[in-house]
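One structure below.
The values are calculated or read from the model by the stated rules, or taken from the named source; none is laboratory data. Remember, it's a predicted structure, so these values are computed and weren't measured experimentally. Virtual Cβ from ideal backbone geometry, glycine too; neighbours counted across all protein chains shown.
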């Protein structure tokens, strides 16, 4: 194996270090003993005296000669840390004496062949000088320690700044992620609440649908029942009134029916006679010598409150004066015909008609009190013009009512009579009931510290007060009867019966 020579280091500090082909070996590298050095040193090369310029590349050493096959067979395996690294060897004739400690640490193992490890074949130990700095590979410039420290500080400062910026960016992203996660959690919580609420609403909706379905079925059933009842009522009310004699409560015989027909016919004729005489008396009767000309004269009890009212108009005054003498013309007939209405109470009690006994008795006795207890007893009632309006309303109403009853017993009454029966009460009931009340009020003396007021006066005053609620009840009842008979299905039922 060819031997390599070491290059002597430059020990002069004033001279620049020459460009060497390889760096000196480290000081702790072990050296072989002198007797084992290579016996054939490599030929020395001429050193360059001037260092290369910055633009020139250092010259690489030539490769060592290849060993022969015999040398390769005799070469033992290489032991680590015995020889210095190859890059520390240089070719030359300079010899180097190894360090005394190198022989102690570089003992070869047994069986290792003895080669010539002369000092010329090993690299010299590196010699470092404190005042000498290594030359950069690109030129002869060197950096001082202060500049290197400054560069290191700048690099560290830049690194810290970039690190702080990166940390801040990471913290900002972490905060954004935390906020997004909190929003997502809140949205999930609200979604769960909404889902629970929707489930509750679905359950309630199903329950409500079931309830509505059952109510709808019940309502349809009730509606059908109501329709059936209305049809039965319409069929019955097409030819009967509040006192229908046609329906036999206890199975009226033909004789009872004939009696009822005769009674209703005679009553209609009697009230027709009264109506005829009264209508002749009002426009053609001679005028009385003295008659009331003001409302205060008609109602003395209200005289203190009616003095300021004007007198009656001249066009109405003749009729009012003749009305004050109507009792002399029709008073007796009215008293006896109305007394015959007591038979209607017997008809209801015996079951010939289905009218209630109490209602029929109240109507009959209220009129009997007027004709026997008021008009027959008090001259002021007989001379009151409202007596004529009372009898006029009674006669028109009773003629229509009794005629309707008689024709209903014989068959179906004509529609005009049916319409009159359930329409004329709009005007006749207020006129008749109002006249009855004010005729009764006209018999009371004037108010003044209680003089002239006895039990009879207080009874008549109570009758005046009770007249108006009774009128309201009777009027409401007739409105309902008219709706049943003439309105809607009742009208169609009546038309079918007439056909």
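Suppose the filter is over 25 Å from residue 269 (Cβ atoms) and crowded, with 21+ Cβ neighbours inside 10 Å; does residue 370 pass it? When the stated conditions are applied, residue 370 does not pass them.
What do you reckon, is residue 421 crowded, with 18+ Cβ neighbours inside 10 Å and within 60 Å of the chain's Cα centre (by Cα)? Spelling it out, residue 421 is indeed crowded, with 18+ Cβ neighbours inside 10 Å and within 60 Å of the chain's Cα centre (by Cα). Taking region 405-418 as the range and being within 19 Å of residue 259 (Cβ to Cβ) and surrounded by fewer than 16 Cβ atoms within 10 Å (Cβ to Cβ) as the test, the residues that pass are 410, 411. Has region 438-460 got any residue that is without any contact (Cβ under 8 Å) to a residue 40 or more places away in the chain, under 28 Å from residue 400 (Cβ atoms) and assigned by TED's automatic domain parsing to the domain that holds residue 379? Within region 438-460, not a single residue is without any contact (Cβ under 8 Å) to a residue 40 or more places away in the chain, under 28 Å from residue 400 (Cβ atoms) and assigned by TED's automatic domain parsing to the domain that holds residue 379.
Counting only helices (runs of 4 or more DSSP H) that sit completely within region 314-410, those holding 2 or more residues that are within 60 Å of the chain's Cα centre (by Cα) correspond to 357-368, 386-410.
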